[in-house]
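The values are calculated or read from the model by the stated rules, or taken from the named source; none is laboratory data. None of the values given here were measured: they were computed from a predicted structure. When we count neighbours, we look across all protein chains shown, and the Cβ atoms used for this are built from the backbone with ideal geometry, even at glycine. These area figures cover heavy atoms from the full protein model, side chains too; ligands, DNA and RNA do not enter into them. Shrake-Rupley method; radii C 1.70, N 1.55, O 1.52, S 1.80 Å.
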Amino acid sequence: MVVRKVVTVEARQLFRLDNEVLAFRFTATMSDRAGTAPRERLTNPGRLKLWLHAAGLGVPDVSPADLQDALDLREAIYRAGLAVAGTRRPDPDDAAILNRAAAAGQPRPALENGLAVRHLSEEAPVPDALGMLAADAIHILGGPDRNRITPCEGPGCAGLFLDTSRGANRRWCSMNTCGNRVKKARLADK
Ligand SMILES: [Zn+2]
């Protein structure tokens with residue numbers, strides 16, 4: 001099964017899809033993490049299906065158990081990312097969750113007609129999709145750019161991003177959302 005990216009208007013309204021790192025775009029499905037009321041956007045299996053389609057990991061169906069697995073993986077990625085951002089080692093339990101998910105999924109990337117596509121199996125497309133997310137997280141969290149992982153300074157955000165700016169001085173997960181919010185707040189203060 002070849003899957004391609006399908007970003008619907010609904011997906012754009014529900015999710016923040018602008019993080020360059022796939023694994024961190026996934027952790028952003030829980031937003032306002034540092035605020036008083038974190039916002040869970042994966043509130044039902046249908047929403048996870050919608051998000052996976054928008055991430056180029058479209059699956060035909062998502063069960064409640066799949067959703068729970070996805071949320072467990074997502075939170076392990078977030079905790080591990082926060083640890084790495086603080087120059088600590090991820091908790092072994094979180095690393096184990098990532099490793100298990102990566103080992104369980106067998107997505108097959110392929111170059112077809114000049115474009116990168118992913119094949120998910122017919123038998124277990126959701127574990128394959130989660131395996132892809134886990135593999136991406138492992139690649140980032142343990143790779144050469146891991147010291148560039150940063151939590152957003154936007155008000156209440158704490159979303160993770162990879163700071164690839166030359167001076168390593170990027171402060172917001174996204175200029176369009178958090179960056180703009182801070183700018184507007186500054187203007188209002190003047
Ligand atoms: Zn942010």
Taking a probe of 1.4 Å and leaving out DNA, RNA and ligands, the stretch 2-150 shows per residue an accessible area in Å² of 52 Å²
Under the rule of -39500 (n - 2.57) per DSSP H run of 4 or more residues, summed and divided by the residues of the chain, what mean residue ellipticity at 222 nm is obtained, to the nearest 500 deg cm²/dmol?
-13500 deg cm²/dmol
Give, in whole angstrom and from largest to smallest, the semi-axes √(5λ) of the equivalent ellipsoid of the stretch 2-150, with λ running over the eigenvalues of the Cα gyration tensor.
23, 19, 15
With N set to the residue count of the stretch 50-119, report its C-alpha Rg divided by 2.2 N^0.38 Å to two decimal places.
1.32
In degrees, nearest 10, the alpha-carbon axis of helix 64-85 is tilted away from the dominant principal axis of the alpha carbons of the chain by 40 degrees
Looking only at Cβ-Cβ distances, which cysteines of the chain have no other cysteine closer than 4.7 Å?
Cys178
Does anyone have the angle between helix 180-189 and the longest principal axis of the chain? Alpha-carbon axes, 0 to 90°, nearest 10?
20 degrees
Degrees between helix 45-54 axis and first principal axis of the chain (Cα, 0 to 90, nearest 10)
80 degrees
Taking the chain as a Gaussian network, where each spring joins two C-alpha atoms under 10 Å apart, which residue of Val59, Val117, Val126 fluctuates the most?
Val117
So, with a 1.4 angstrom probe, what is the percent of accessible area on the chain that is carbon and sulfur?
53 percent
